[in-house]
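Comments concern the structure below.
The values are calculated or read from the model by the stated rules, or taken from the named source; none is laboratory data. Predicted model only: the values in this text are computed from it and were never measured. Neighbour counts are summed over all protein chains in view; Cβ atoms, including those assigned to glycine, are modelled from backbone coordinates with ideal geometry.
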Amino acid sequence: MRRARFAAGVILCLAILCQWHNRDLSIPEIAYIGPGAGFAFLGSFLTIILSLLASLVSLLVWPFRILWLALRRRGRFAKAQVKKVIFLGLDGLDPELTERWMAEGKLPNLSRLRAEGCYHRLRTTFPPLSPVAWSTFATGVNPAKHNIFDFLNRDLRTYAPELSSAKVRTTTRYFQLGPWRIPLTKSSVEFRRKSEPFWKILGRNAIGSTILRVPITFPPERFEGRMLSAMSTPDLLGTQGSFTVFSTGPEGMPSEGGTRCRLMRNGDAFEAHVAGPELSTVPFRLIPTATATEMRLEVGGTALTVRVGEYTPWIRLRFRTGRWRKTPGIVRFLLTSKDPEISLYLTPVEIDPENPALPISHPGFYAVYLAKLLGSFATLGMAEDTWALNEGAIDEDAFLAQAKSIQEEREKMFFNALDHTRRGVVGCVFDTTDRVQHMFYRYLDPAQSENGRSRHAGVIEALYRDMDRVAGRTMEYADGDTALFVLSDHGFCAFRRGVNLNAWLLRNGYLHLKEGLGDGAGYLEGIDWLRTRAYTFGLSGIYLNLEGREAQGIVPKDQAKRLKAELIAKLAGLPDPEQGELAVQDVYDSETIYQGPYREAAPDLIVGYASGYRASWGAAKGAVTTLVFEDNAKCWSGDHCVDPSIVPGVLFANRKLEADDPGIEDMAPTFLALFGIAPPLWMEGKSLAPAA
Amino acid sequence: MELGGGAFWSVVLLGACSGAISFLAFRRWSDAGALRSAGNAALAHLLEFRLFADEPALIMRAQRDLLFANGRWLRLLLAPMLLLSLPFALVIAVADAFFSRAPLRTGEPAVVTAHYVRQLPDLRLIPPDGFQVETAPVRVTSENEVSWRVRPLRSARGNLQLRWDSRVLEKSVVAGSGPGWISEQRSGSVLGYLAHPAEYPFRDGTVDWVRIQYPLATVFGHNWLTWFSIAACCGALASVMRGLQS
């Protein structure tokens, strides 16, 4: 459609131009020297004329805009301490590691920032998960006020899992007119994070912000500023990232995080299809070459050479999702092996930032702007493909190459935003720190067998050094009128053993399975709800099967408090009998740690696992296994879904802060106070900025 | 004067072929990746006008960057443009001679004007067979021009002769209906010839040019270039689509 509109536009412009020529036809051949040249000149000059007009209008309107801004800002800046606030979010940057490497002189820029300003450990949220913590960072409130308690929540009518941050509702009602299907309702994306982030409050006070990749910002909200969505942005299949492995070899194990497909031989070439939205596909061909490590890839009108171990650039694919509709997406291929079997890894099909199928930025064209200026970029919420590494679809080198390239994309965006901001807030969250620590922590952990053996043993240290470099580069943008913050939402620790609390609840009589169905390997599968009093899924919560709340709830409301106390007494301090270690440090009643209108949606209990433990992979997806404790055998060997006291984040600032025990909820009020805006009464955090 | 369906289809065919050839030439002689990158940069800088509307310094910077991106774009297009401009100038000149003017209509007068460098008191116009000069020369001395009214008596083609002293200068003239090779002006200079290439220039230092006021021709109510441009766009786009599919 865009191409057709563009073509119509070009034809219209040429027709107008030719009509203009009709006025004097004495020398038409001078005015027109051929279609190619005509297109080029016309396009170029139209652009120049448009831009000149736009700058003229901008200059003419500017005094009025400034006047209007001045009227809106009247008196607002009287108490402002800064002109600009920069925050650099380093997801999961651990205070212990940071302090150790600062002491060893390996992080010179962060050390300098600490010396010139301050450094604190930053208290995180219950539970210490990125979606929860960054939502608290943005809103300055506890989870019961912003409604994000975990990655997942459940539908109380069906117990079915739902993404806690957003829900994409596709059109289900159509009017069939011959071959055409006309949608009767519009697809929509519901944003489930409540409360108000600080950038909206600043915007109301005529202070603009550029917010890049802060988790739980999909779909993007309207405010005065620019935003690029991050964590919870889905791929085109509607998942949080599903890779595909195409192979000529045996099918292999079924995959949890992706799909495995066969490459079919057709003559000299190998063929398969990339799966897109609404069952659409795009075919591709892989043609062997004489070189041992190269093949020729033909896909979506693009032909390129792929080399073993080398990612292709982003490739745009257009999936036919209707008679007249094509949905654009972007992918990258990686040839992981050519001999003896061909194996080709494909990233999840991500939303194309140049032509987004779903809103991923505010304003909508901001993503287009970034893609046009800086090149295409990963748009998926969790773009680093941890599942592909977990399942051996890619190796550690390929994962690191992917993470590095994604970080480079974000770095370019962040520094572009810094280059374009004189006043207001600029911030970006880099989550490579989180993903790489998740996947490589086993090389740091003395208790894990792989410690120090791999050539990747120094990956996390190298990553911290690289982040120190980014911090140093950011410091160059911080003058006397700028407040700079470098912070993380939580720290990290090892994940050696998984705990399946559904299994524990089953053993202790709180959860029952339907007879004859065996153990429930799937999400809350086989649970006899009419006899079950408590269950778990997600990374840290236990839910009561509460009467009047859950569809088949059996626990009367007046017995809930007693049941929670009973579970807390039994679970707090739960040991791992096989290892002789503490598995659960503490369990918290959500009524005591959360206050707010959405507390009903929260888990009833929050489990604070001890260091080295976490909800097992099965428990996280609601499975009821036979074993309560199991070894974590995946590459995903570091985590932070433990007791919040174990994994605080870090906070660096280029100025002294009034902070005895700073928490992540204090950041939003601090930013507001720095601009002289009193934090709203509903915000729970306290400003750390010294009084002006 | 309306040239009709035959002329329309000729123009459309010519335009579509030109468009397709343009596409092929641009694909062959330009760096598509660099062009896309320059075009993307230009569009991004245009978007900056909206994104940073409150910051005049950024708008000015966007303007500068846009000019650079445009310059780069044009530089990348230079080679195919230069290569295409010569053949297309030729094609357009030939097509213009056929489709932009209609022959003089039988019985309807037309004005013939000659522009001279110095006064030529004995300048005379001799019509070919089938044409009649109706008036004595009318001189506009301030403009160095002299004009006659000529009337075609029947469909005919020939050369008007301008005579002075012992010298003779010829200019083709056509009367009748339908499209045909029509030269509106014959020039005595290289620049004049480039502007009106339908007839060879003459070598004479006394007369600059001789012009006949032919009636305008239209193809379905529009100048032929309108249809040519549309057909060229369609031809180029069809080639782009075909190129993408293959």
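Which is modelled with pLDDT of 85 or more and at the interface with another protein chain (Cβ under 7 Å from one of its Cβ atoms), of B:58, B:35?
On the way: B:35 fails: at the interface with another protein chain (Cβ under 7 Å from one of its Cβ atoms).
One residue alone meets the criteria, B:58.
Which one of these does residue A:271 not meet: (1) surrounded by fewer than 18 Cβ atoms within 10 Å (Cβ to Cβ); (2) touching a Pro at 6+ places or on another chain (Cβ under 7 Å); (3) assigned by TED's automatic domain parsing to the domain that holds residue A:428?
Residue A:271 satisfies every listed condition except (3).
Which of the following residues is closer than 28 Å to residue B:5 by Cα, more than 9 Å from chain A (Cβ to nearest Cβ), surrounded by fewer than 20 Cβ atoms within 10 Å (Cβ to Cβ) and among the acidic types (Asp, Glu): B:170, B:199, B:143? Talk me through it step by step, then tell me what you get.
On the way: B:170 fails: closer than 28 Å to residue B:5 by Cα; B:143 fails: closer than 28 Å to residue B:5 by Cα.
When all the criteria are applied, what remains is B:199.
Which of the residues that make up the stretch A:211-221 are of a type outside the set (A, V, I, L, M, F, W, C) and buried (at least 24 other Cβ atoms within 10 Å of the Cβ)?
Applying the first criterion (of a type outside the set (A, V, I, L, M, F, W, C)) to the stretch A:211-221 yields A:213, A:215, A:217, A:219-221.
A:213, A:215, A:217, listed by residue number.
Which one of these is assigned to a helix (DSSP H, G or I) and either touching a Phe, Trp or Tyr at 6+ places or on another chain (Cβ under 9 Å) or under 21 Å from residue A:90 (Cα atoms) (or both): A:619, A:659?
The conditions single out A:619.
Tally the residues that are touching a residue at least 12 places away in the same chain (Cβ under 8 Å), closer than 21 Å to residue A:354 by Cβ and aliphatic (A, V, I, L, M), restricting the search to the stretch B:1-43.
5
Could you say whether any residue in the stretch A:358-367 is surrounded by fewer than 19 Cβ atoms within 10 Å (Cβ to Cβ) and touching a helix residue (DSSP H, G or I) at 6+ places or on another chain (Cβ under 7 Å)?
yes
Go through the stretch B:2-27 and give me each residue that's away from chain A (no Cβ under 11 Å), at negative phi and out of contact with any helix residue (DSSP H, G or I) (no Cβ under 7 Å at 6 or more places or on another chain).
Listed by number, the residues that qualify are B:2, B:5, B:6, B:9, B:10, B:13.
Here is a list of conditions, (1) more than 13 Å from residue A:496 (Cβ to Cβ); (2) outside any loop (DSSP other than H, G, I, E, B); (3) touching a residue at least 24 places away in the same chain (Cβ under 8 Å); (4) not acidic (Asp, Glu), and residue A:559 meets all of them except one; can you say which number that is?
All conditions pass for residue A:559, except number (3).
Out of B:46, B:24, report the one residue that is under 29 Å from the mean Cα position of the chain (by Cα), in a helix (DSSP H, G or I) and in the same structural domain as residue B:233 (by TED's automatic domain parsing). Even if it seems obvious, please write down each step before you answer.
Numbers: B:46 fails: under 29 Å from the mean Cα position of the chain (by Cα).
None of the others qualify; the one that does is B:24.
Would you confirm, using the coordinates I've provided, whether residue B:81 is closer than 16 Å to residue A:54 by Cα and either in the same structural domain as residue B:17 (by TED's automatic domain parsing) or assigned to a loop (DSSP other than H, G, I, E, B) (or both)? Give the derivation first.
Numbers: closer than 16 Å to residue A:54 by Cα: no; either in the same structural domain as residue B:17 (by TED's automatic domain parsing) or assigned to a loop (DSSP other than H, G, I, E, B) (or both): yes.
It is false that residue B:81 is closer than 16 Å to residue A:54 by Cα and either in the same structural domain as residue B:17 (by TED's automatic domain parsing) or assigned to a loop (DSSP other than H, G, I, E, B) (or both).
Confirm whether residue A:71 is at pLDDT 70 or above and within 11 Å of chain B (Cβ to nearest Cβ). Break it down into steps so the answer makes sense when it comes.
On the way: at pLDDT 70 or above: yes; within 11 Å of chain B (Cβ to nearest Cβ): no.
Against the criterion (at pLDDT 70 or above and within 11 Å of chain B (Cβ to nearest Cβ)), residue A:71 does not qualify.
Kindly provide the set of residues from the stretch B:89-108 that are surrounded by 16 or more Cβ atoms within 10 Å (Cβ to Cβ) and out of contact with any helix residue (DSSP H, G or I) (no Cβ under 9 Å at 6 or more places or on another chain), ordered by number.
Correct list: B:97, B:101, B:102, B:103, B:104, B:105.
Exactly one condition in (1) free of Cβ contacts under 8 Å to residues at least 24 places away in the same chain; (2) more than 10 Å from every other protein chain (Cβ to nearest Cβ) is false for residue B:117; which is it?
Checking residue B:117 against (1) free of Cβ contacts under 8 Å to residues at least 24 places away in the same chain; (2) more than 10 Å from every other protein chain (Cβ to nearest Cβ), the one that fails is (1).
Identify all residues within the stretch A:546-569 that are basic (Lys, Arg) and loosely packed, with under 15 Cβ neighbours inside 10 Å; write none if there are none. Quick ask: steps written out before the conclusion?
We begin by selecting, within the stretch A:546-569, every residue basic (Lys, Arg); these are A:549, A:557, A:561-562, A:564.
Once the filter is applied, which keeps residues that are basic (Lys, Arg) and loosely packed, with under 15 Cβ neighbours inside 10 Å, the stretch A:546-569 yields A:557, A:561, A:562.
What is the one condition in (1) surrounded by fewer than 21 Cβ atoms within 10 Å (Cβ to Cβ); (2) free of Cβ contacts under 8 Å to residues at least 60 places away in the same chain that residue A:443 does not satisfy?
Against the list (1) surrounded by fewer than 21 Cβ atoms within 10 Å (Cβ to Cβ); (2) free of Cβ contacts under 8 Å to residues at least 60 places away in the same chain, residue A:443 comes up short only on (1).
Each row is one residue, and each column tells you yes or no for (1) within 14 Å of another protein chain (Cβ to nearest Cβ); (2) of a type in the set (D, E, K, R); (3) closer than 23 Å to residue A:209 by Cβ.
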| site | (1), (2), (3) |
| --- | --- |
| A:66 | yes, no, yes |
| A:81 | no, no, yes |
| A:90 | no, no, yes |
| A:105 | no, no, no |
| A:113 | no, no, yes |
| A:127 | no, no, no |
| A:131 | no, no, yes |
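Out of A:564, A:514, A:570, which single residue is of a type in the set (Lys, Arg) and at pLDDT below 95? It would help to see each step written out before you state the result.
Values: A:564 fails: at pLDDT below 95; A:570 fails: at pLDDT below 95.
The match here is A:514.
Mind listing just one residue for me: the one in the stretch B:173-196 that is of a type in the set (Ser, Thr, Tyr) and surrounded by 17 or more Cβ atoms within 10 Å (Cβ to Cβ) and, of those, nearest to residue B:102 (Cα to Cα)? Give the derivation first.
Of all residues in the stretch B:173-196, those of a type in the set (Ser, Thr, Tyr) come to B:177, B:183, B:187, B:189, B:193.
Going one step further and asking which of them are surrounded by 17 or more Cβ atoms within 10 Å (Cβ to Cβ), we end up with B:183, B:187, B:193.
Values: B:183: 10, B:187: 20, B:193: 20 Å.
Within the stretch B:173-196, the match that is nearest to residue B:102 (Cα to Cα) is B:183.
As an exercise: evaluate residue A:670 against (1) part of a helix (DSSP H, G or I); (2) under 15 Å from residue A:125 (Cβ atoms) and give the number of the one condition it does not meet.
(2)
Among the helices (runs of 4 or more DSSP H) contained in the stretch A:334-435, which hold 2 or more residues that are in contact with a Leu (Cβ under 8 Å, 6 or more places away or on another chain) and over 26 Å from residue A:271 (Cβ atoms)? Talk me through it step by step, then tell me what you get.
Working: elements: A:364-374, A:386-390, A:396-419.
The qualifying helices (runs of 4 or more DSSP H) are A:364-374, A:396-419.
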